[in-house]
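S.K.: Quick one: the structure is below, questions incoming.
The values are calculated or read from the model by the stated rules, or taken from the named source; none is laboratory data. Note that the structure is a prediction, hence the values are computed from the model and not measured. Neighbour counts run over all protein chains shown; Cβ positions are idealised from the backbone, glycine included. Ligands, DNA and RNA are excluded from the accessible area calculation, which covers all protein heavy atoms including side chains. Shrake-Rupley method; radii C 1.70, N 1.55, O 1.52, S 1.80 Å.
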Amino acid sequence: MQFLLSAVQSCVIGAAAEEFIFRGFLLKRLASKTTVLMGTILSSLLFGILHYDIIGSFIFGFIMSILYLKSGNLLLPITIHILYNTAVTVLPDVTNITTISDLHTYMIPNFIMLLLSALILTMYIKRNIKNIFSSEIKIFQNRKSLL
């Protein structure tokens with residue numbers, strides 16, 4: 001029962017709270033004070049600094065920011081964040097590499113996932129680079145919502 005409560009807290013409540021704070025509030029504020037790109041970088045950097053894996057969390061935060069900016073809705077990044085946290089909690093053997101032996105054991109599946117993720121992200125960015133940080137970002141169409 002303790003594990004279940006802890007999992008719900010970290011997987012669901014934690015993910016939703018982080019998305020509201022970093023994307024729903026910080027990203028909007030920083031982007032309104034600077035540029036959308038700078039707001040995305042700064043909010044993702046803060047997200048990364050407050051997590052154990054700074055680089056991985058920065059990249060994750062950056063991707064969640066793009067999803068939020070393009071969809072205009074926090075539900076998409078919240079859902080993905082919940083799924084990610086759940087996968088990390090439920091599959092600790094694949095994600096918790098602590099020794100060289102663990103690294104060798106899980107190297108091939110993790111490397112395959114890295115390559116597939118990088119390929120999909122690269123294809124998405126190449127197709128949408130002109131639109132990712134354009135002025136047609138949905139959350140900024142109504143400037144009054146930023147105040």
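S.K.: Just to be sure I understand the filter: pairs with C-beta atoms under 7 Å, separated by 6 or more residues or on different chains, first member in the stretch 14-32 and in contact (Cβ under 8 Å) with a residue 24 or more places away in the chain, second member open to solvent by less than 40 Å² (accessible area, probe 1.4 Å) and not in a helix (DSSP H, G or I). Which pairs pass?
M.R.: E19/L74; F20/L74; R23/L74; G24/L74
S.K.: What number of residues in the stretch 19-46 are within 17 Å of K70 (Cα to Cα), under 15 Å from the mean Cα position of the chain (by Cα) and open to solvent by less than 80 Å² (accessible area, probe 1.4 Å)?
M.R.: 11
S.K.: Filtering the stretch 61-74 down to residues that are under 18 Å from N85 (Cβ atoms) and open to solvent by less than 40 Å² (accessible area, probe 1.4 Å), which residue is farthest from the chain's Cα centre (by Cα)?
M.R.: Among residues in the stretch 61-74 that are under 18 Å from N85 (Cβ atoms) and open to solvent by less than 40 Å² (accessible area, probe 1.4 Å), the one farthest from the chain's Cα centre (by Cα) is L74.
S.K.: Given the residues I49, I78, which is the only one that is closer than 25 Å to L114 by Cβ, open to solvent by 60 Å² or more (accessible area, probe 1.4 Å) and modelled with pLDDT of 90 or more?
M.R.: I49
S.K.: What single numbered condition from (1) open to solvent by 60 Å² or more (accessible area, probe 1.4 Å); (2) at pLDDT 90 or above; (3) of a type in the set (S, T, N, Q) fails to hold for S57?
M.R.: (1) is the only condition that S57 fails.
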